[in-house]
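**Q** Shown below is the structure under consideration.
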Protein chains: 2
Amino acid sequence: MDRPLHERIADDLRRRIASGELPVGATLPSEARLCEEWAASRGPVRQALGTLRAEGLIGGGRGRSPEVRTGQVPQPFDTLLSFSRWAERIGRVPGQRIQELALRPARREVADALAVDEGETVVELLRLRLLDGRPAMVERTVFVEHVGRLLFDFDLDSGSIYAYLIERGVELALARHVFDAVPADDTDARLLGVPAGTPLLRERRRAGSLAGEPYEFSDDRYRPDQVTFTIENAQQAPPMVGRASGSVTESVLT
Amino acid sequence: MDRPLHERIADDLRRRIASGELPVGATLPSEARLCEEWAASRGPVRQALGTLRAEGLIGGGRGRSPEVRTGQVPQPFDTLLSFSRWAERIGRVPGQRIQELALRPARREVADALAVDEGETVVELLRLRLLDGRPAMVERTVFVEHVGRLLFDFDLDSGSIYAYLIERGVELALARHVFDAVPADDTDARLLGVPAGTPLLRERRRAGSLAGEPYEFSDDRYRPDQVTFTIENAQQAPPMVGRASGSVTESVLT
DNA sequence: CGACATTTCCTGTCATGACAAGTGGAGTTC
DNA sequence: GAACTCCACTTGTCATGACAGGAAATGTCG
C-alpha cells in the first residue's frame, strides 16, 4: 500500500475497464463520486483521470462525465522489442532455432549502427523465430561486445534474451524501428521455407540506453503471411503500435 | 488571451524548446521559478509540465529539474494520414498522377473494410504518388459513397484530399494502419517503374470517425528504396511514428 | 585530500476552497 | 405537443498550504 494514491485509483479504473465492468461507451463515475469512494480530494482523482486520458483510454469533456473510449490497455515497449514477449501476450507459442552465435569484427554498416569502430569485436546472433512451431521470422542481431558477451553465459533456448539482459543490468530504454520490404535471400528462403525472392517485411531495429548509447542492432525479416505490424492513430490520443499475427482482415485490393 | 494559463505556459515552453533556447539535455527552470515568471501557483505550472511530459518532450524526476529530452514536437496524425502533408513537412515536393476515379459496387473485401453491404456503391481512386518527381507509391483508395462523391467536385491535382475532406466536414479522427510486404503486380510494376514481383512495402489503412464509422480504406504500396516507416519507442514516453524517405542508414546485414 | 554526514533545493503527493463554463434534464410557456 | 428557459450537476481552471522523499551541494571529520 505504498503506491501513490493517484496510481492506485488509475490502476483500479484500468482494471475495471479491462475487465469489462466499464464497457466501451460507458460513462465512468463522476469526480465527486470517485472522491467519496476513495475518501480523497479532487487532486489525486483528477491526476488518475488525466493519466488514463493521456493513454487514450478515456475521453470526454467539460460538463460531461468521461467516457470509456477503448478497452485496450497499452503496453508498447516490451512487446515491440521482444518477439517472445509479444507471442506470449497474444497467446501464441514462441520458438526459435539458433543458427549461429559468433564473435566477429564489425563490418562498416554494423559499426555505423552501433557507433563503434570498424573492426571492433561484436557479437552476432542468427536465429530463426517460430510462431506455434511455424517459421515466422529470421533475426540477425548484433550486440556490442560488453553486452553480447553476457549471452555466452545464457541458455539461449530458455527464454527471452531481453528479459535476461535487463535483469543483468543492461539498460534497454530506447528503440528505433525502420520498416521496409526486401526479397528473401538464400538464407531467408531456406529458413523460412519460401522461394528465394519472396517479399519479406523487414524491421531494422536499434536499441540502447536512454542516453542514446546503442547496445544492439537487428535486421529482422518476417513472413508477411505470418506477422504484420500495426499502428492505431487517433487525433487526440498518442498512437498505439504493435505486431499482429495470422489472418487479419484480408482485404486485398486489386 | 483567453486561453487557459496552463496552455499558455506549455506553449511557451514548447516554443523555447523548439527554438533551441532550451537545447536537448538542458534542465528547464524549476517550478518555483516558473511560478514567479507567470505569477501563477504551482497548479497550472505542474499541469503544463505534465502535458509536455505526456508528449515526451521532457523527462526527469524527483528532486531533479526536468530535462529536455528531444526538440522534436510531435504532430503525428496529419503526416501519417496524408502523403502530401508528410512530403511538405520534410521539405520534399509531392506529386501525383490520377489513374482512375470511379463509382463502382463494393466487392466483398472492400465492403468488409468499410462496413457497408456488398454491392453498395463506393468511390474508388487509383493514384500514383511522386516524391520530387520520382514514383514512390501506388495508392488504391476506396471511399464510402457520401464521402467519395465530394471528390467529383474537387480538383484532385490541386492539393491534399484530406485537407479538402476535413474542410467539408468529414470527421477523420481515427486511423488504423497494417504493414506487410507484397510482390509488385503488373500495375504496380508499370507505374512504379520496377520489375513485376519486386518486394513492395504495403500499408493498408482504414480511417474514419471517432465513433469508429469507417470512411475510407486504402491499399498503398511503397517502393522501399524511396519510403520507409519508422517507430521510435521509449520506455517512459509515448511512441512516435512516422515515414522516412531516401537513403536512411543503409545497414544491411548479410 | 578524500570519504562521509548534513543541509538545502526541488519535485511528488495530497487537502481544501473557490469560481467559470458546458451539459442535460426538468419545468414552463406558447 | 413543441420550443424555450432555468437549474442542478459536472468538469475545467486556479490559489494556497502542507509534508514526504530524492538529489545535489555543502560542510565536516578522519
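**Q** Select from B:24, B:9, B:40 the residue farthest towards the positive end of the dipole of the stretch B:1-86; place +1 on Cβ of Lys and Arg, -1 on Cβ of Asp and Glu, and compute about the Cα centre.
**A** B:24
**Q** Grab the beta carbon distance between residue A:102 and residue B:39, set R0 = 51 Å, and tell me the FRET efficiency rounded to 0.05.
**A** Working: r = 63 Å, r/R0 = 1.24.
The formula returns an efficiency of 0.20 here.
**Q** Apply 1/(1 + (r/R0)^6) to the Cβ-Cβ distance of residue B:88 and residue B:230, taking R0 = 22 Å, and write down the FRET efficiency to the nearest 0.05. Could you put the intermediate results ahead of the total?
**A** Working: r = 18 Å, r/R0 = 0.82.
Using R0 = 22 Å, I get an efficiency of 0.75.
**Q** Let me ask something else. With n ≥ 4 as the cut-off for DSSP H runs, can you work out [θ] at 222 nm for chain A, using -39500 (n - 2.57) per run divided by the number of residues, rounded to the nearest 500?
**A** Working: 9 runs with 73 residues, N = 254.
Result for chain A, helices only: -8000 deg cm²/dmol.
**Q** Which residues make up the longest stretch of chain B that has no GluC sites (Glu not before Pro) in a DSSP loop with at most 12 other Cβ atoms within 10 Å?
**A** Values: sites that count: B:21, B:118, B:250.
Counting at most 12 other Cβ atoms within 10 Å as exposed, the longest clean stretch of chain B is B:119-249.
**Q** Place the label 7 angstrom along Cα→C-beta at residue B:39 and in each other copy, then list the distances from the first to the rest in nm, shortest first.
**A** 4.2
**Q** Now for a separate question. For the stretch A:1-42 and the stretch B:107-134, write down the distance between their C-alpha centroids in whole Å.
**A** 42
**Q** With the dipole of the stretch A:48-138 worked out from charges on the C-beta (+1 for Lys and Arg, -1 for Asp and Glu) around the Cα centre, which of A:96, A:126, A:49 lies farthest toward the positive end?
**A** Checking the options against the dipole of the stretch A:48-138, the answer is A:49.
Any read-out appearing in this document is the output of simple, stated calculations on the displayed coordinates, not a laboratory observation. Owing to the predicted nature of the structure, the values given are computational and were not obtained by experimental measurement. When we count neighbours, we look across all protein chains shown, and the Cβ atoms used for this are built from the backbone with ideal geometry, even at glycine.
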